[in-house]
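*Asks:* Let me begin by handing over the structure; questions about it come next.
Readers should treat all values here as calculations from the given coordinates under stated rules, not as data from a laboratory. What you see is a predicted model, and the numbers here were worked out from it, not measured in a lab. Neighbour counts are summed over all protein chains in view; Cβ atoms, including those assigned to glycine, are modelled from backbone coordinates with ideal geometry.
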Amino acid sequence: MSLNFFWVIMHLLIITGFLGSGKTTLLLRLAELAQKQEKKVAILVNEVGEIGIDNQIMKQLGFNVSELLGGCICCSLAGDVIGTLERVQKKYQPDFVLLEPSGAADPRNLMNILAAYKGIPFKSLIKAAIIDSVRLDMLMKVISPLIITTMEQADLILINKADEASSKELDKAYNIALKYMPSNKIFKICAHDEIEPDIIRELLPWIV
Amino acid sequence: MDSLNLEPYTVKLRLSRQENGSKYSYNKTITFFTEHLAQLCMLEKDSLIGHIKGFATDSEGSWLRVSVTDEKHPAHLEGRISGKPEYVNLILNINVLGVPADRIKTLLNDLINNPVICNSVSIVMIPPEGKKEFVCI
């Protein structure tokens with residue numbers, strides 16, 4: 001009974017975004033923050049490459065990491081994600097799970113897969129889409145369906161690389177995001193730097 | 001531009017200092033190598049860099065993460081190979097849309113054999129190298 005009580009308070013944050021948009025960098029910032037607050041963090045990371053890189057860095061930094069490699073959890077590894085989530089629950093009993101799908105994942109497919117999840121319910125499930133302000137204009141010309149789906153499926157949009165992008169690129173990214181998200185759920189960030197408290201509260205509303 | 005296929009290519013490389021390489025830096029070589037690979041990929045017709053990322057480690061436990069998302073900006077670096085190890089292992093995950101994995105392998109081999117890139121550090125591929133047919137986008 002007491003064990004189940006602890007499981008019930010588990011939170012899930014899914015960070016979606018195209019390859020190279022800054023998912024891993026943001027994830028590491030949030031994991032560090034949660035760890036500082038003495039929360040137990042578990043990370044599920046999915047990479048399309050056959051040898052994981054992000055998982056090795058996370059392990060170097062001392063996080064509990066489960067990796068899903070050599071494919072994408074929205075399609076070729078779809079069957080693995082539910083089982084891995086359940087194993088993470090049992091093995092770590094974390095307060096907080098961070099899920100990073102591959103940068104090629106279709107978030108709509110992922111949400112369909114998660115709908116089949118029959119484990120202990122999450123206390124909260126937040127989907128944050130991170131977009132690359134430097135490349136967004138070009139990506140919208142080449143792979144707009146994936147980028148649009150990523151924004152449509154999210155609860156909030158983070159416009160990353162605000163320090164690298166020109167003001168024109170930032171404005172353009174903001175206006176594109178505005179088509180899919182209300183303005184109070186769009187934030188400009190530099191994932192390499194410290195994330196502002198207001199944005200942290202959106203991502204981790206349970207954190208003190 | 002038509003829709004682009006993604007064939008992720010993963011490779012393990014070993015970097016070691018050349019006998020005559022008095023002034024060598026693994027950090028600089030890895031950064032230069034990765035940025036140059038991005039430039040070569042973008043010279044391919046209808047290509048788009050998704051993410052080229054690498055993770056280098058040495059036997060002393062130091063590590064370097066390198067990340068490139070386009071050919072115009074310098075690589076993002078995290079960590080550092082410290083000291084003067086005999087060799088460093090580097091895993092590269094190369095996710096470039098529109099460039100088949102076989103072609104990426106050819107570009108890599110060209111870079112490895114380019115004396116300008118590897119003037120003080122030799123680079124060799126170490127098995128197993130990965131190639132996965134994969135289309136998601």
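*Asks:* Can you tell me how chain A classifies by the Cα gyration tensor, rounded, prolate or oblate, using a/c under 1.5 as the rounded cut?
*Replies:* Details: a/c = 1.68, a/b = 1.42, b/c = 1.18.
Prolate.
*Asks:* Sticking with this structure for a sec: Collect residues whose amide H, placed 1.01 Å from N in the peptide plane, falls under 5 Å from the amide H of A:Cys72; neighbours closer than 5 in sequence don't count.
*Replies:* Here A:Leu77 satisfy the definition.
*Asks:* Also, I was wondering about something else. Return the calculated 222 nm mean residue ellipticity for chain B, to the nearest 500 deg cm²/dmol, obtained by summing -39500 (n - 2.57) across DSSP H runs with n ≥ 4 and dividing by the residue count.
*Replies:* Details: 2 runs with 30 residues, N = 137.
Result for chain B: -7000 deg cm²/dmol, rounded to the nearest 500.
*Asks:* Across peptide A:66-77, what mean number of C-beta atoms from other chains lies inside 10 Å of a residue's C-beta? It would help to have the intermediate numbers written out before the result.
*Replies:* Values: counts 0, 0, 0, 3, 5, 4, 6, 0, 1, 3, 4, 0.
Rounded to a whole number, the mean comes out at 2.
*Asks:* Turning to a different aspect of this structure: Which value at 222 nm does chain A reach when only helices count, each DSSP H run of 4 or more adding -39,500 (n - 2.57), with the total divided by all residues and rounded to the nearest 500 deg cm²/dmol?
*Replies:* Numbers: 9 runs with 86 residues, N = 208.
Mean residue ellipticity at 222 nm (helix-derived): -12000 deg cm²/dmol.
*Asks:* Can you give the mean number of other chain Cβ atoms that lie within 10 Å of the Cβ atoms in peptide B:105-111?
*Replies:* Details: counts 0, 0, 0, 0, 0, 0, 0.
Across the residues of B:105-111, the mean count of other-chain Cβ atoms within 10 Å is 0.
*Asks:* Give me the net charge for the shell around A:Leu27: Cβ to Cβ below 12 angstrom, other residues only, Lys and Arg +1, Asp and Glu -1.
*Replies:* Values: positive: A:Lys23, A:Arg29; negative: A:Glu32, A:Asp54, A:Glu100.
That sum, taken over residues with Cβ under 12 Å, equals -1.
*Asks:* When DSSP assigns beta bridges and you keep just the ones with both residues in the protein assembly as shown, what percent turn out antiparallel, to the nearest 5?
*Replies:* Working: 37 of 66 bridges.
Of all bridge pairs located within the protein assembly as shown, approximately 55 percent are antiparallel.
*Asks:* What is the average number of partner chain Cβ atoms found within 10 Å of a Cβ in B:91-98?
*Replies:* Numbers: counts 6, 3, 9, 1, 8, 1, 4, 1.
Partner-chain Cβ atoms within 10 Å, mean over residues of B:91-98: 4.
*Asks:* If packing is taken as the mean number of other Cβ atoms within 10 Å per residue, what is the order of A:131-137, A:59-65, highest first? Please report the intermediate quantities before stating the final value.
*Replies:* Numbers: A:131-137: 23.6, A:59-65: 15.6.
Going from most to least packed, we get A:131-137, A:59-65.
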